[in-house]
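See below for the structure under consideration.
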Amino acid sequence: MTIVFGIFLLTLLVITALGIVHTRNLFVAVMLLGIFSLLIALNFFILDAADVALTEAAVGAGISTVLFLGALALTSERERLGTRHRWLSLAVVASATLVVLYATFDKPRFGDPNAPVHQHVAPWYLEKTPEYVDIPNVVTAVLGSFRGYDTLGEVFVVFTAGIGVLFLLSSRRGGANHRPPGERDASGIGLREHVIPRVVGRLLVPFILLFGLYVQFHGEYGPGGGFQAGALIAAAFILYALIEGEDRTLAAVPQRWLNALMVGGALLYGGVGLAGIVLGSNFLDYSVLGADPVAGQHLGIILIEAGVGMTVTGTLLSIFHAFAARDRA
Amino acid sequence: MELLGLYHYWVFVVLLMIGFYAVVAKVNLIKKLIGLSLFQSAVFLLYITMSKVSGGTAPIVLPGMVDPLYSNPLPQVLILTAIVVGISTTALGLGIVVRIKEEYGTTEEHEIQEIDRR
């Protein structure tokens with residue numbers, strides 16, 4: 001039954017993707033992209049990847065849609081000329097499709113427990129996590145501890161992308177930080193005039209925040225962690241900004257706090273790594289942080305997850321504010 | 001039934017190529033970025049498909065489970081971080097498109113090239 005549902009969802013995915021590429025209205029394409037993200041999140045859930053599904057639903061369907069819409073507001077909603085070199089492109093894409101499809105026949109069948117991907121380090125992670133790290137969620141253990149270097153790199157990439165967007169969009173026209181006070185126009189008021197979005201949105205914001213914090217602090221036990229929590233908390237503030245307007249959101253959480261969150265999160269993560277060296281072990285080895293190795297691992301994972309959550313929240317919100325401020329400049 | 005085991009991979013290929021087509025054939029820069037997002041999502045789907053073990057469950061170790069079988073946590077970790085990195089880089093791309101629109105007054109690739117040639 002799950003297989004039938006999975007095939008149904010995958011087919012829907014393909015149809016949605018075709019719709020996204022086919023439509024000339026970019027607004028429609030972005031909305032369909034949100035639906036696409038929700039569908040693929042459902043697929044991830046069916047494929048046992050609860051953490052990934054949570055991330056995709058928060059990031060893909062929520063924040064990505066808002067950012068694309070922000071960019072559309074600054075550019076244009078329609079594609080003027082749809083396609084160029086259509087037949088040449090189709091020929092290239094069709095031949096590439098055939099080559100990759102041919103390659104899939106050598107792949108291990110879906111769900112095969114003897115596939116090479118399941119033979120290497122994964123069984124070791126599953127077997128040793130209870131002993132070395134002693135937290136139920138193996139995904140968090142691998143993310144935070146066993147492959148902490150990877151995650152540190154990803155956090156710095158997120159941080160760098162955030163800085164890049166701030167550089168690009170805060171130049172010349174006056175960025176989010178230095179807009180003259182008292183400047184308010186229609187777009188700054190948000191949806192305050194509309195009763196239903198306002199009432200529903202205001203009800204939802206605190207619960208989304210609460211859920212975000214739950215996901216942050218419960219990440220060791222269930223699906224969750226810093227990346228998901230950061231996206232959820234950012235989504236709550238973005239919703240608030242859409243309803244109440246940019247000014248009130250920036251009054252509640254000023255841009256300098258967001259900058260501090262971005263930098264502080266990355267520094268906290270790096271600092272935990274350095275603490276490992278100072279206490280006589282390797283970079284990002286949490287075992288020496290606590291009274292015994294397992295307690296040290298727990299402390300280390302909580303700290304770096306907090307760092308990840310801070311950086312992701314700060315970066316996503318800064319990016320959103322940069323687009324929104326550009327809109328009104 | 002044997003070939004049904006490849007259906008996930010075929011969907012991955014089709015999605016990947018739909019995204020690829022949007023990147024190479026579409027003229028609008030935002031549409032290209034949307035295509036890039038599709039391409040990226042297809043790769044996510046490939047990794048998560050590979051992590052699945054038949055009859056397995058999410059890799060959360062709970063006491064009292066008899067002879068548990070878990071799906072592979074490693075691809076999930078890679079993709080989890082990749083999703084957040086993906087949105088950050090997409091935002092960077094959108095930022096560049098917005099700046100291009102401000103400088104050139106258009107987001108259509110051929111018009112930008114014409115302005116550059118002048």
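The values are calculated or read from the model by the stated rules, or taken from the named source; none is laboratory data. Given the structure is predicted, the values throughout are model-derived calculations rather than measurements. Each accessible area value is taken on the protein alone, full model and side chains, heavy atoms only, with ligands, DNA and RNA left out. Shrake-Rupley method; radii C 1.70, N 1.55, O 1.52, S 1.80 Å.
In plain terms, if you count all Cα to Cα distances in the protein assembly as shown and split them into 10 Å steps from zero, the share in each step is 4, 20, 29, 26, 16, 5, 0, 0 percent. Restricting the calculation to Cα atoms, the stretch A:132-173 shows an Rg/Rh of 1.31 when the hydrodynamic-style radius is the Kirkwood one.
Note on A:LEU203: accessible area approximately 110 square angstrom, rounded to 10, probe 1.4 Å, nucleic acids and ligands left out. Within chain B, the whole DSSP H helices whose Cα atoms reach 27 Å or more along their own axis and whose mean Kyte-Doolittle score is at least -1.0 are B:29-51, B:73-104. A 1.4 Å probe, protein heavy atoms only, puts the accessible area of A:THR2 near 90 Å².
Largest first, what is the accessible-area ranking of A:GLU56, A:GLU127 with a 1.4 Å probe? The partial results should precede the final answer.
On the way: A:GLU56 10, A:GLU127 125 Å².
Final ranking, largest accessible area leading: A:GLU127, A:GLU56.
Quantify, in whole percent, the carbon and sulfur part of the accessible surface of chain B (1.4 Å probe; protein heavy atoms only). Carbon plus sulfur share of accessible area: 64 percent.
Using only the C-alpha atoms, the convex hull of the stretch A:1-80 corresponds to 62 Å³ per residue.
Of the whole protein surface, A:ASP106 contributes about 140 Å² of accessible area at a 1.4 Å probe radius. Ordered from highest to lowest accessible area with the whole protein assembly present and a 1.4 Å probe, A:ARG192, A:ARG80, A:ARG24 read as A:ARG80, A:ARG24, A:ARG192. Between A:ALA58, A:ALA94, A:ALA73, the GNM of chain A built on Cα springs shorter than 10 angstrom shows A:ALA94 fluctuating the most. The alpha carbon centroids of the stretch A:48-99 and the stretch A:260-308 are separated by 37 Å. What helices in chain A pass both tests, a Cα length along the helix axis of 18 Å or more and a mean Kyte hydropathy of -0.5 or higher, using whole DSSP H runs? Membrane-span-like by this criterion, though nothing is claimed about a membrane: A:2-22, A:26-46, A:86-104, A:148-169, A:195-217, A:226-244, A:255-278, A:293-328.
Sorting B:HIS110, A:HIS321, A:HIS194 by solvent-accessible area of protein heavy atoms yields A:HIS194, B:HIS110, A:HIS321, largest first, with a 1.4 Å probe. Summed over qualifying helices (DSSP H, 4 residues or more, each -39500 (n - 2.57)) and divided by its residue number, the protein assembly as shown shows a 222 nm mean residue ellipticity of -23500 deg cm²/dmol. In chain B, the ratio of gyration radius to Kirkwood radius, Rg to Rh, stands at 1.18 when only Cα atoms are counted.
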